[in-house]
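Trainee: Here it is, the structure in full.
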Amino acid sequence: MALVLLLLAALCVPAIVVEVTAGGEQPACRVWLRDVSTLTVSYVHSVERTPVRESYSVSVTGIRLREVRWQSFGYGLPDEYDDFEDGFYVKSEDVGLGRRLDYWFMPLNDARIAVGAHTVFEGLDEPARVSIRVRLVPLFVAVQG
């Protein structure tokens, strides 16, 4: 009996996860973060129709913007850059953003979200709000996700 209680208690230990939710309350995916990881959000800019890639670090402390890459200038895009690499303007950053990012994507944005080297979200069939959150959940929930 004590072993069962110990196992149940261990499964309730909090774990850090990245959750991606698209247009609803249920997460489309949940990735267990065992340490600091990278988060990449890639999309085609709605107005300027240029590829954009935003790189973040994610950890127990939240989400930090690290870099933005884009291919042209215009409405809603940065107007300053630090470097030009492989056809992309590059702006290096180090900005804490808290524990949540929200986007509004349409199918034409061809949105893709990756945690580490794994793509966890691709595209939409209709316009929707896409939320990315870093949060604590019980270990048994993190293992399921």
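Trainee: I'm checking my understanding of the structure. Among residues of segment 26-41 that are of a type in the set (Val, Ile, Thr) and either within 26 Å of residue 85 (Cα to Cα) or free of Cβ contacts under 8 Å to residues at least 60 places away in the same chain (or both), which one is surrounded by the most Cβ atoms within 10 Å (Cβ to Cβ)? Quick ask: steps written out before the conclusion?
Mentor: Residues of segment 26-41 that are of a type in the set (Val, Ile, Thr), as a first pass: 31, 36, 38, 40-41.
Next, only the ones that are either within 26 Å of residue 85 (Cα to Cα) or free of Cβ contacts under 8 Å to residues at least 60 places away in the same chain (or both) stay: 36, 38, 40-41.
Working: 36: 11, 38: 13, 40: 18, 41: 21.
This residue is 41.
Trainee: In segment 94-116, how many residues are surrounded by fewer than 12 Cβ atoms within 10 Å (Cβ to Cβ) and either acidic (Asp, Glu) or farther than 17 Å from residue 134 by Cβ (or both)?
Mentor: 3
Trainee: Now, a different point. Every residue in segment 15-55 that is among the polar types (S, T, N, Q) and either in a loop (DSSP other than H, G, I, E, B) or more than 15 Å from residue 78 (Cβ to Cβ) (or both), please.
Mentor: 21, 26, 37, 38, 40, 42, 46, 50 - these are the residues of segment 15-55 that are among the polar types (S, T, N, Q) and either in a loop (DSSP other than H, G, I, E, B) or more than 15 Å from residue 78 (Cβ to Cβ) (or both).
Trainee: Any idea how many residues of segment 58-79 are within 26 Å of residue 137 (Cα to Cα), at pLDDT below 95 and out of contact with any Gly (no Cβ under 8 Å at 6 or more places or on another chain)? It would help to see each step written out before you state the result.
Mentor: Going through segment 58-79, the residues within 26 Å of residue 137 (Cα to Cα) turn out to be 58-66.
Retained after the next criterion (residues that are at pLDDT below 95): 58-62.
Next cut, out of contact with any Gly (no Cβ under 8 Å at 6 or more places or on another chain) only: 58-60.
Number satisfying all stated conditions: 3.
Trainee: How many of the residues making up segment 68-87 are assigned to a strand (DSSP E or B), under 18 Å from residue 41 (Cβ atoms) and not charged (D, E, K, R)?
Mentor: Number of matching residues: 2.
Trainee: Provide a single number: the residues in segment 74-83 that are touching a residue at least 12 places away in the same chain (Cβ under 8 Å) and surrounded by 13 or more Cβ atoms within 10 Å (Cβ to Cβ). Steps first, please.
Mentor: First, pick out the residues of segment 74-83 that are touching a residue at least 12 places away in the same chain (Cβ under 8 Å): 74-78.
Restricting the remaining residues to those that are surrounded by 13 or more Cβ atoms within 10 Å (Cβ to Cβ) gives 77-78.
Result for segment 74-83: 2.
Trainee: From the list 18, 44, 13, which one is at pLDDT 85 or above and surrounded by fewer than 18 Cβ atoms within 10 Å (Cβ to Cβ)? First the steps, then the outcome.
Mentor: On the way: 18 fails: surrounded by fewer than 18 Cβ atoms within 10 Å (Cβ to Cβ); 13 fails: at pLDDT 85 or above.
Only one candidate qualifies: 44.
Trainee: Another question, if that's okay. Return the residues of segment 117-129 that are buried (at least 17 other Cβ atoms within 10 Å of the Cβ) and assigned to a strand (DSSP E or B); say none if nothing qualifies.
Mentor: If the condition is that a residue be buried (at least 17 other Cβ atoms within 10 Å of the Cβ) and assigned to a strand (DSSP E or B), then 120, 121, 128 are the ones that fit.
The values are calculated or read from the model by the stated rules, or taken from the named source; none is laboratory data. Owing to the predicted nature of the structure, the values given are computational and were not obtained by experimental measurement. Glycine also receives a Cβ, built like all others from the backbone with ideal geometry; neighbour counts cover every protein chain displayed.
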